[in-house]
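Below is one structure, written out as structure tokens; the observations come after it.
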Amino acid sequence: MTEPTRSSSYRFGTFELQPSERRLLAGGEPVVLGPRAFDLLIALVERPGQLVTKEELLNCVWPNLVVEENNLQVQVSALRKILGQEAIATIPGRGYRFTVTLTASNAPLKTLLAPLDENLPSIAVLPFVNMSDDAANEYFADGIAEELLNVLSKIRGLRVASHTSAFSFKGGKVDIPTVAQKLNVATILEGSVRKAGKRVRITAQLVRVATDSHLWSETYDRELEDIFAVQDEIAQSVVKELRSALLGEKADSSASAAVTAEVQAATKGRGENAEAYRLYLQGQFFVAQRTQASLATGIEYFRQAVGLDSEYALAWAALASAQSIEAGAGWSSYGEGYRYARESAERALALEPDLAEGHAALGQIRVLHAWDWSGADASARRALELAPGNAGVVLGAAFVAGFLGRLDESIALCRRVIVLDPLSVQGHRYLGRFYLLAGFLDQAEAALKEALKLNPQGGLGTYDHLGEVYLVQGRFAEALAAFKKESEEGLRLMGLSVAYHALGQKAPSFAALEQLSKLPAHAFLSAEGNAYLGKVDQAFEWLERAYAQRNASLCQIKLAPLLRNLHGDSRWQPFLKKMGLAD
């Protein structure tokens, strides 16, 4: 038998095989496997889709021993009980074939992130001050800073504080040392923008916090058509000064050329139409507000942008992400909304195959709607490879890994998000969610309370997740109090139903569940509520409705704590199999 190249890890479905540790994980949890079965699995997995003869397998599993063939059959049977009958095909009279598709790359997503180096140059880009006479131009000043931040986050060897954290200081009196301490950065880029008609003046300065000194400053007075050149000049100057001042690199012509090439690579997908760019910035401004109305407005601006510049890959990717958010929230038809989102993401990647934002958007669509688990993993992996310093990309990868059952990875990725974006409510919320799903309840509570410190109103899902933590801990009164504060109606009603039930208050429990049933977009939440109340038949009915909708929440079905009452039912595994998630 040809000796295959051995990988450190193989992924298939929800399983991970780690040959060097002699360990098989299912959903991140170890599976008990005998040594012979383990050797057999390695031999099959190393040659996926190929016939491995009985003689080859016997030699691998029992080297230099003469054993009966039925011993091989016993080990194959043991593996099929764990992996599923279809995982290993029998080739009559000849041998066996491993039939499950391996993930495109075997390395865990978290290994695509370099270890944090405290000596890396670090920077926060603060929102630029709008100096225009028209306050409506605020989106333009914000957008300039955000685009610079996005470009810098793609430069290797820089640690860039993410948008959420940097922009949290907008509108207040900026105290540079305090900002730097909270964001854990050594330098700050700040500036102002004055836009009048087709002319724009941008002032930018790079401050070294430790010495309160300017490393660099510049003022640009240009036509709006030159905005891209101005942004590139600022980015190049910042990178060169950081490397020179903090790393002692020579600022010679070869270093300058290298930086220019890096910035050009980081701006892939950008259009060249100044008006389309203005529309794109307006779209980003509205989408960031995350309300139904603002999202619809943002989507319209993105559509106008790609209407003016059909090759504007970043705008197509932003449109895909916004359409995906809108569909997932139930603010547009699941089927139509995700179809449009996928078309937009695929258009972005057709224009620019190495666009991290395009791969990230496609990954979300694949996990939330297409239920293309290996495809979602591949998209998240590629986005991380292209932009490991982008907190949004890292958070997207955490989301994919978590709902594929790799909770150790999702937790590690969320922790990295918080390093990049210390004031991110989403980062702490998802960290708390994945800690809950992994069973680390104290850590989940702490992460969710940190999210609430950052946003006492909670935002979408924070109080719901905290309520679930309390519910699992048996702290039912605290669970009820948390659910009452949840801002999203469907999550609140589901939470009230299960919390009242846990407290023995049947009337308000049933009333909340009845109200929830009148929100058809929340079929998955109705399934959770019914399952927790022991209404198993009704729970499966709602799961079928959610499946027919291709409800985005179904991606978490295997991990959802409130569905545990269904796990022993004969309908559970067939439903998971239908989704490609069967054990």
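The values are calculated or read from the model by the stated rules, or taken from the named source; none is laboratory data. All of these numbers come straight from a predicted model, not from anything done at the bench. Quick reminder, even Gly has a Cβ in these numbers, built from the backbone with ideal geometry, and neighbours come from all protein chains shown.
Computed values, structure above
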quantity: Residue in the stretch 271-288 that is of a type in the set (Asp, Glu), over 28 Å from the mean Cα position of the chain (by Cα) and within 28 Å of residue 211 (Cβ to Cβ) present; calculated: no
quantity: Test: residue 581 is at pLDDT below 95 and closer than 15 Å to residue 520 by Cα; calculated: no
quantity: Any chance residue 432 is without any contact (Cβ under 8 Å) to a residue 12 or more places away in the chain, out of contact with any Phe, Trp or Tyr (no Cβ under 9 Å at 6 or more places or on another chain) and within 21 Å of residue 410 (Cβ to Cβ); calculated: no
quantity: Meets criteria (exposed (fewer than 13 other Cβ atoms within 10 Å of the Cβ) and either part of a helix (DSSP H, G or I) or out of contact with any Phe, Trp or Tyr (no Cβ under 7 Å at 6 or more places or on another chain) (or both)) for residue 204; calculated: no
quantity: Among (1) surrounded by 20 or more Cβ atoms within 10 Å (Cβ to Cβ); (2) in contact with a Gly (Cβ under 9 Å, 6 or more places away or on another chain); (3) among the small types (Gly, Ala, Ser) - the single one residue 521 does not satisfy; calculated: (1)
quantity: The stretch 462-492, residues that are assigned to a loop (DSSP other than H, G, I, E, B) and either in contact with a Cys (Cβ under 8 Å, 6 or more places away or on another chain) or closer than 18 Å to residue 442 by Cβ (or both); calculated: 474, 475
quantity: Failed condition for residue 269, given (1) on the phi < 0 side of the Ramachandran plot; (2) surrounded by 17 or more Cβ atoms within 10 Å (Cβ to Cβ); calculated: (1)
quantity: Residue list for the stretch 158-206, filter: over 20 Å from residue 217 (Cβ atoms) and polar (S, T, N, Q); calculated: 162, 164, 165, 168, 178, 181, 184
quantity: Scan of the stretch 213-226 for residues that are at pLDDT 80 or above and not basic (Lys, Arg), ordered by number; calculated: 213, 214, 215, 216, 217, 218, 219, 220, 221, 223
quantity: Restricting the stretch 51-77 to residues that are of a type in the set (Asp, Glu) and assigned to a helix (DSSP H, G or I), the residue that is farthest from residue 96 (Cα to Cα); calculated: 69
quantity: Enumeration of residues in the stretch 557-571 that are surrounded by fewer than 20 Cβ atoms within 10 Å (Cβ to Cβ) and in a helix (DSSP H, G or I); calculated: 561, 564, 565
quantity: Which listed residue, of 495, 459, 504, is assigned to a helix (DSSP H, G or I) and of a type outside the set (Phe, Trp, Tyr); calculated: 495
quantity: In the stretch 178-194, residue surrounded by the fewest Cβ atoms within 10 Å (Cβ to Cβ) [restricted to those that are out of contact with any helix residue (DSSP H, G or I) (no Cβ under 7 Å at 6 or more places or on another chain) and in a loop (DSSP other than H, G, I, E, B)]; calculated: 184
quantity: Residue list for the stretch 155-177, restricted to those being part of a loop (DSSP other than H, G, I, E, B), touching a residue at least 12 places away in the same chain (Cβ under 8 Å) and over 12 Å from residue 391 (Cβ atoms); calculated: 155, 156, 157, 158, 168, 169, 170, 174
quantity: Residues that are among the aliphatic types (A, V, I, L, M) and in contact with a Leu (Cβ under 9 Å, 6 or more places away or on another chain), drawn from the stretch 421-445; calculated: 423, 425, 431, 436, 437, 438, 444
quantity: Within the stretch 524-552, tally of residues that are within 24 Å of the chain's Cα centre (by Cα) and surrounded by fewer than 21 Cβ atoms within 10 Å (Cβ to Cβ); calculated: 3
quantity: Some residue of the stretch 488-501 being of a type in the set (D, E, K, R) and modelled with pLDDT under 95; calculated: yes
quantity: Test result for residue 514, under 28 Å from the mean Cα position of the chain (by Cα), modelled with pLDDT of 95 or more and over 19 Å from residue 452 (Cα atoms); calculated: no
